[in-house]
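The values are calculated or read from the model by the stated rules, or taken from the named source; none is laboratory data. It should be emphasised that the depicted structure is a prediction, and the values quoted were computed from it without experimental measurement. Note that each Cβ is placed from the backbone with ideal geometry, even for glycine, and that neighbours are counted across all protein chains shown.
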Amino acid sequence: MEHAFDAEFDRPREECGIFGVFSPQSEAARLAFFGLFALQHRGQESAGIAVSDGSRVRMYKDMGLVSQVFDEEILATLPGHMAIGHNRYSTTGSSVKRNAQPVSCTSMTGDIAVAHNGNLINAQQIRAELEAQGEIFDTTNDSEVIAKLLSRTFKEDIGEAIRSVMELIQGAYSVVVLTPKQIAAFRDPNGIRPLSIGRLEDGWCVASETCAFNPVGAEFFRELQPGEIAVITESRPRILKPKTAQRPAMCMFEFIYFARPDSKMYGTRLHVVRERMGEELAREHPVEADCVMPVPDTGIPGAIGFSRVSGLPYAEGLIKSRYIHRTFIQPDQRMREMGVRLKLTPLEEHIRGKRIVLVDDSIVRATTTKQLVKMMYEVGAQEVHVRITAPPIRHPCFYGIDMARREELAAAKFSVDEIRERIGAASLGYLSVEGAVKAVGSPKDTFCLACFTGEYPIPIPEDVQKDMFERPKVGAFATVRTGQGSLDFSNELQPR
Ligand code: SF4
């Protein structure tokens, strides 16, 4: 199957959504389907579900959106009351079915399936060691490293097996595991990627985001804390606490852009957080203008907040195609050059003659912002003032987010005023790191802010950085994928 046309252009991209469910009175595969459906924004490349009926693990996965991969016929082949599922991030370049998740392995105690969101920074090293000991890998992703390690250590207690694996792996990981008799979930000691537990009438579920709970009839129970392991059988989840405490470092970009606005993280609804980011932005970068417009959809709450504090009226001036994510047809070169027009159409009547504050959530390479500003001037905007509800991105992400290589990051190369000039805006203002932290309402030292500050909560080995920067660059329209930079073990040109 061709890969989904990447409609988000110049955006950081999430690297996967995971879901797990234990529900004795349900068809777990059906619940996993709807859980993954709610997490579709975290990955559109492939989808997979593994189930167990208490004795045997079965699995189905393929390339495509959740609704393209699964139908009634396939769900009927996945009986059982326990399931885990995975959505993988979509790119425009090469991508293969064998890298779809969950990944499975055989242990002495039966089959194990694993679904992972994040990026291990020492996966290559562990893989080399395992290969030297005779292990054969079927995939080129780091999740199989976790599965192989678990299959070697799992005898009776999956919680203890996970604990010993966590002593070996480093990086960002939120993981769900399925064995024939239980599901388990665990989070890296810094809690970089999110993971929450939900309560069902007859059981439990876990998900990357709380937005997956409502569709399956679950109530939010609690976030899995950094370093915690939850083993879920029939009764209450058994929580294993981390042996050593490390500072929490949740990815700030989950709050700014990645996660769905109806999800909650650190106890706060993200739509509300993003409104507050817009409010802070208006305080930090006020401007005389006629109205505030969002870049839909993710700029909407920020524009609402900006409007509230500035007193400028909120107006819609860009209409987003609702279906662009769903096409698997690649645009031709001429269409690629048109870029943002494939996704957004300007409302000339709302733009002509106006001084506009255009609110967006991030600038990576600045290519999209430049096209947007140009498009608004073409339909008669008098002034376009760009306001961004994120700080400037100056450093790459090694923890599972696809962003860009350092040399492609606009803010790594240029000053704010140089970027303003390049995008053709009348003015440009970014939210400060302090403003972003204040908007969430948790202490600064509970976040990963590395792509803004360069201070990585988990030190990045030099060979990982080197590997990332020496990788060949894929086409300008394609994604350059840094999130799994150290993890593509094959020689194929992987979009990263
Ligand atoms: S470096 Fe940036 S994108 Fe990556 S985990 Fe940290 S805050 Fe998130």
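Kindly evaluate Pro472 against the criterion of being within 16 Å of the ligand (Cβ to nearest atom) and either modelled with pLDDT under 50 or out of contact with any Ser or Thr (no Cβ under 9 Å at 6 or more places or on another chain) (or both). Spelling it out, it is not the case that Pro472 is within 16 Å of the ligand (Cβ to nearest atom) and either modelled with pLDDT under 50 or out of contact with any Ser or Thr (no Cβ under 9 Å at 6 or more places or on another chain) (or both). Meeting the requirement of 3 or more residues that are modelled with pLDDT under 95, in contact with a Phe, Trp or Tyr (Cβ under 6 Å, 6 or more places away or on another chain) and farther than 14 Å from Leu358 by Cβ, no strands (runs of 3 or more DSSP E) wholly within region 214-316 can be named. Specify the residue that is farthest from the ligand (Cβ to nearest atom); the eligible residues are those in region 367-384 that are touching a residue at least 60 places away in the same chain (Cβ under 8 Å) and out of contact with any Lys or Arg (no Cβ under 7 Å at 6 or more places or on another chain). Filtering first and then ranking leaves Leu372.
State yes or no: is Leu200 away from the ligand (no atom under 16 Å from the Cβ), in contact with a strand residue (DSSP E or B) (Cβ under 6 Å, 6 or more places away or on another chain) and either farther than 22 Å from Glu27 by Cα or in contact (Cβ under 8 Å) with a residue 40 or more places away in the chain (or both)? The answer is no for Leu200. Taking the listed residues Val379, Val384, the one that is of a type in the set (Val, Ile, Thr) and surrounded by fewer than 17 Cβ atoms within 10 Å (Cβ to Cβ) is Val379, with no other qualifying. Of all residue pairs spaced 6 or more apart or on separate chains, none has beta-carbon atoms under 6 Å together with a first member in region 83-112 that is not assigned by TED's automatic domain parsing to the domain that holds Glu27 and a second member that is β-branched (Val, Ile, Thr) and at pLDDT 80 or above. Of the residues contained in region 153-162, none is found to be within 16 Å of the ligand (Cβ to nearest atom), modelled with pLDDT under 95 and touching a helix residue (DSSP H, G or I) at 6+ places or on another chain (Cβ under 6 Å). Being over 28 Å from Phe213 (Cβ atoms), buried (at least 18 other Cβ atoms within 10 Å of the Cβ) and not polar (S, T, N, Q) is a property that Ala29 lacks. Here Leu150 meets each of (1) touching a Pro at 6+ places or on another chain (Cβ under 7 Å); (2) assigned to a helix (DSSP H, G or I) with one exception, condition (1). Residues in region 240-269 that are out of contact with any Leu (no Cβ under 8 Å at 6 or more places or on another chain) and away from the ligand (no atom under 16 Å from the Cβ): Leu240, Lys241, Pro242, Lys243, Thr244, Ala245, Gly267, Thr268, Arg269. For region 38-49, the set of residues classified as touching a residue at least 60 places away in the same chain (Cβ under 8 Å) and either more than 15 Å from Thr210 (Cβ to Cβ) or crowded, with 24+ Cβ neighbours inside 10 Å (or both) consists of Ala38, Leu39, Arg42, Gln44, Gly48, listed by residue number. Residue pairs whose Cβ atoms lie under 8 Å apart, sitting 6 or more positions apart in sequence or on different chains, and linking a residue in region 287-306 that is within 17 Å of Leu347 (Cα to Cα) to a partner that is of a type in the set (D, E, K, R) and buried (at least 22 other Cβ atoms within 10 Å of the Cβ), are Pro294/Asp360; Val295/Asp360; Val295/Asp361; Gly299/Asp360; Gly299/Asp361. A single entry from Ala230, Ala172 fulfils the requirement of being within 16 Å of the ligand (Cβ to nearest atom) and among the hydrophobic types (A, V, I, L, M, F, W, C): Ala172.
Within region 405-433, the set of residues being within 16 Å of the ligand (Cβ to nearest atom) and out of contact with any Ser or Thr (no Cβ under 7 Å at 6 or more places or on another chain) comprises Arg406, Glu408, Leu409, Ala410, Ala411, Ala412, Tyr430, Ser432. Looking at (1) within 12 Å of the ligand (Cβ to nearest atom); (2) in a loop (DSSP other than H, G, I, E, B), can you tell me which one Ala436 breaks? Every listed condition holds for Ala436 apart from (2). Tyr399 falls short on exactly one of the conditions (1) modelled with pLDDT under 95; (2) outside any helix (DSSP H, G or I); (3) surrounded by fewer than 20 Cβ atoms within 10 Å (Cβ to Cβ), and that condition is (3).
In the set (1) in the same structural domain as His350 (by TED's automatic domain parsing); (2) more than 16 Å from the ligand (Cβ to nearest atom); (3) surrounded by fewer than 24 Cβ atoms within 10 Å (Cβ to Cβ), Thr298 fails one condition alone, (2). Restricting the search to region 361-386, which residues are closer than 20 Å to Ile304 by Cβ and of a type in the set (D, E, K, R)? Across region 361-386, the qualifying residue is only Asp361.
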